[in-house]
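Below you'll find the structure, written out as structure tokens, and then a few comments.
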Amino acid sequence: MAQQIQSGGNKPQVWHLLFLAFPLILANITTPLLGLVDTAILGHMDATHYLAGASIGTLILTQLYWICGFLKMSITGLSAQAGRGNVEIDEQKRRTKVLVQGVSFGLVLGICFIALQSPILSAGLYFAQSSELLAESTQAYFGVRIWGAPAALANMALVGWLIGQQKTKTVLILQVAVNLINIVFSLLFVFVLGWGVKGVAAATVVAEFALLGFSLLATKSLVNIRLFQGAWLNWLSLKPLLTLNSDILFRNLALQLTLAFITFKGASMGAQVAATNAILMQFFALIALGLDGVANAVEALVGEEKGKKNETALAYHVKVGLWWSSLFAVIYTFVFWQFGAQIIQLLTDQVALQKEASSYLGLMVLMPLIAHWCFLFDGVFVGLSKGKAMRDSMILSAAFGFFLIWWFISDLGNVGLWIALLSFLAFRGGILGGWYLFLMNKPQQRIFGVRIFNDGAK
């Protein structure tokens, strides 16, 4: 039965998904580690405003890039559906088309960010309420770092494309290599050349363009650029990608609005609450390290089966993905239950803050069990390229699962915020899970777009 479905040689599919996910989990872990290195470098400079300014500049760009995460999500599904391996010329053309369109769109969007850097920075500084000295440091960092935007956004498309082709080991190698490049050039620019905060930003730009070059080289054996057609970049050809991207864009905006509300509402309750929420968000980040890896693997496998129009294998991949995400959720729950207090102690040495954050551990223990459903089904719908479903489910979950619940329980204060977040996660998982069952009721029509005509049908 389950063991008869094979992929990737002789490996049973139940293990193949984990083999795809594990490199992505490791790649996810390397990203915050790089941030720690940059923090350490700036923290050894002669003034604190350098570190603070770079942090604000990074936050502005991170928010922009998170919103633009639709590039990676859309290209992952489309790449998987285009097929992989030694395939016919038509499938090579489809793979090459997806790559060209994704990279081109990322480059153009990045150039737009460069052109709009002044209003973007002004908006960021307004919300940060920075002092004049801090604003100068932020501007110095941001003014250099923004020039890496075209490469950063093109890299999103490239990473999504590689995941869709199930090249997760390649993604890990690329991520580690670029992080090492960033570290080396940060040390060179700051401590040898004395460029200060601009040096850290310049090192990141160098790393982003290096990643772009390495990623393009990694795709060389998988595409046939000689098949390129200029028509791929006209409006009619780009319209399906742009439509999918716009749907996922609104999905991402609804998500960021919800998370921003938690941050700003918590901040309005005082510095102690804001600091507590910053610690609690690290629990959510830890969950994402594992569950995002599983979701990304599911994206690739589900997308591949959609391209093949194989509903049996598609359903099997979803079941296997759900099994692994459930296992990860149980592990996270156990770790948070047994070691949650120790995790908090690692994040802060302030006794009052430790006590306050520890009072939320019950909710943190529940979070993995509730959250893994929406992570998993996000991956399923990315693989299916069902952008409207992702958009609508996120908006409904934000409106009714978060803001409406918060309206009813706002008297609970910050505890109410976190209960509303758990409700939001549950709504997302429930809606997407129900939507998936609806699609699988008639997969040929609702997923694969096959029109079935019955005798006597009008």
Could you check region 232-284 and list, in sequence order, the residues that are under 16 Å from residue 399 (Cβ atoms), surrounded by fewer than 16 Cβ atoms within 10 Å (Cβ to Cβ) and of a type in the set (Gly, Ala, Ser)? 260
When you look at residue 204, is it within 30 Å of residue 348 (Cβ to Cβ), at pLDDT 80 or above and either of a type in the set (Gly, Ala, Ser) or not assigned by TED's automatic domain parsing to the domain that holds residue 89 (or both), yes or no? no
Quick one: which of 429, 434, 362 is touching a His at 6+ places or on another chain (Cβ under 9 Å) and free of Cβ contacts under 8 Å to residues at least 60 places away in the same chain? 429
Can you say whether residue 186 is over 30 Å from residue 15 (Cβ atoms), touching a residue at least 60 places away in the same chain (Cβ under 8 Å), assigned to a helix (DSSP H, G or I) and hydroxyl-bearing (Ser, Thr, Tyr), as far as the supplied structure shows? yes
It is to be established whether one or more residues within region 221-237 are touching a Lys or Arg at 6+ places or on another chain (Cβ under 9 Å), part of a helix (DSSP H, G or I) and modelled with pLDDT of 80 or more. no
Residue 194 versus (1) assigned to a helix (DSSP H, G or I); (2) at pLDDT below 90: which is the lone unmet condition? (1)
Looking only at region 353-391, count every residue that is farther than 30 Å from residue 272 by Cα and either surrounded by fewer than 18 Cβ atoms within 10 Å (Cβ to Cβ) or among the hydroxyl-bearing types (Ser, Thr, Tyr) (or both) and tell me the total. 2
Could you pull out the residue among 155, 179 that is within 25 Å of the chain's Cα centre (by Cα) and either farther than 23 Å from residue 69 by Cβ or surrounded by fewer than 23 Cβ atoms within 10 Å (Cβ to Cβ) (or both)? 179
For residue 126, state whether it is crowded, with 24+ Cβ neighbours inside 10 Å, part of a helix (DSSP H, G or I) and at pLDDT below 90. no
Give me the pairs, please: first residue somewhere in region 235-251 and more than 19 Å from residue 389 (Cβ to Cβ), second residue anywhere and surrounded by fewer than 20 Cβ atoms within 10 Å (Cβ to Cβ) and of a type outside the set (D, E, K, R), beta-carbon distance under 6 Å, and either six or more positions apart or on two chains. 237/231
Would you confirm whether any residue within region 259-271 is outside the structural domain of residue 109 (by TED's automatic domain parsing) and not in a helix (DSSP H, G or I)? yes
Taking residue 105 as the residue in question, decide whether it is surrounded by fewer than 22 Cβ atoms within 10 Å (Cβ to Cβ), part of a helix (DSSP H, G or I) and of a type in the set (A, V, I, L, M, F, W, C). no
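The values are calculated or read from the model by the stated rules, or taken from the named source; none is laboratory data. Source: prediction; values computed, not measured. Note that we place each Cβ from the backbone using ideal geometry, even for glycine, and neighbour counts take in every protein chain shown.
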